[in-house]
1. Give the residue, chosen from Ala146, Ala133, that is part of a strand (DSSP E or B), among the aliphatic types (A, V, I, L, M) and either in contact with a Ser or Thr (Cβ under 8 Å, 6 or more places away or on another chain) or surrounded by fewer than 16 Cβ atoms within 10 Å (Cβ to Cβ) (or both).
2. Here is a list of conditions, (1) under 21 Å from Tyr34 (Cβ atoms); (2) modelled with pLDDT under 95; (3) among the hydroxyl-bearing types (Ser, Thr, Tyr), and Ser94 meets all of them except one; can you say which number that is?
3. May I ask you to list the residues in segment 84-128 that are farther than 23 Å from Lys194 by Cα, among the polar types (S, T, N, Q) and open to solvent by less than 20 Å² (accessible area, probe 1.4 Å)?
4. Based on what the data block shows, is Leu175 touching a Gly at 6+ places or on another chain (Cβ under 7 Å), open to solvent by 20 Å² or more (accessible area, probe 1.4 Å), closer than 21 Å to Thr80 by Cα and not charged (D, E, K, R)?
5. Being at pLDDT 95 or above and basic (Lys, Arg) is the filter here, so list the residues in segment 171-197 that pass it.
6. List, please: which pairs have Cβ atoms under 8 Å, are six or more places apart or on different chains, and start with a residue in segment 117-129 that is acidic (Asp, Glu) and end with one that is open to solvent by less than 70 Å² (accessible area, probe 1.4 Å)?
7. Please tell me if Val200 is open to solvent by less than 10 Å² (accessible area, probe 1.4 Å), assigned to a helix (DSSP H, G or I) and at pLDDT 95 or above.
8. Would you check which residues across segment 181-197 are of a type outside the set (A, V, I, L, M) and surrounded by fewer than 21 Cβ atoms within 10 Å (Cβ to Cβ) and list them?
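The values are calculated or read from the model by the stated rules, or taken from the named source; none is laboratory data. Keep in mind the model is a prediction, meaning the values are calculated, not measured. Heads up, the Cβs are rebuilt from the backbone with ideal geometry, glycines too, and the neighbour counts pull from every protein chain shown. Accessible surface is based on the protein model in full, side chains and every heavy atom, while ligands, DNA and RNA are left aside. Shrake-Rupley method; radii C 1.70, N 1.55, O 1.52, S 1.80 Å.
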Amino acid sequence: MSIALVLLAGCTAYQPAIVDGRNIGNPNVGWNGYSLLVPEGLAIFNPAMANLESAQVSDFQRWYAEEDRRAASVWYAAFTERFLFEHGTDYFISFIADTYELGGGWASITPMEMQYALQQVARRKMVEINDDAAFNEITEINGHRAVHVSGTSRPYFKKNPLPLAYEGYFILGSLREAFWIEGFGNETFRADLKLKVREVVDGLTIH
């Protein structure tokens, strides 16, 4: 059996994140897990614990819980978990932790291949939000490679869509996990959305 297959076979049992107040964490993701401190002012919606039949769950939250599409990647996500942070009806921030079926982990990818892959993530995200002029950069956040895209979302599938401010980060973990932190909101709140998304990013610790 190859090393890649051994790695995959040994990591098939995933446990959901633990939520304690404004702290979210999962010690079973990556090498030693991750933790996230959710900023004040954001309401936390946990799809994994929600009763989707409840009248307390909004149509948007229900859609978010049932949505199974993921940000573009050349690897299949073996495990994923998501949370929604809402600031009233002004804007919302999505947090997704994906673990990919990549036997050798990120270390098995050469720097040139990784640079290309991250460039593709940025380009695909610009296509998804329908903004080919969006600001985008490959950067580093707390020692981890990352992609930052900032622009305006105008979904293709909606007729005369209301433009939404978009602020997103894709951050590589330590083994084969990655994190998507994406905010959408009314253009009026773009500055606040930008700051709050960055707070979520800075509140993420990859152990």
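1. Being part of a strand (DSSP E or B), among the aliphatic types (A, V, I, L, M) and either in contact with a Ser or Thr (Cβ under 8 Å, 6 or more places away or on another chain) or surrounded by fewer than 16 Cβ atoms within 10 Å (Cβ to Cβ) (or both) holds for just one of Ala146, Ala133, which is Ala146.
2. (2)
3. Result: Thr99, single match.
4. Judged against the criteria, Leu175 is a match.
5. Those that are at pLDDT 95 or above and basic (Lys, Arg): Arg190, Lys194, Lys196.
6. From segment 117-129, the pairs are Glu128/Ala71; Glu128/Ala72.
7. Criteria met by Val200.
8. Hits for segment 181-197 are Phe184, Asn186, Glu187, Thr188, Phe189, Arg190, Asp192, Lys194.
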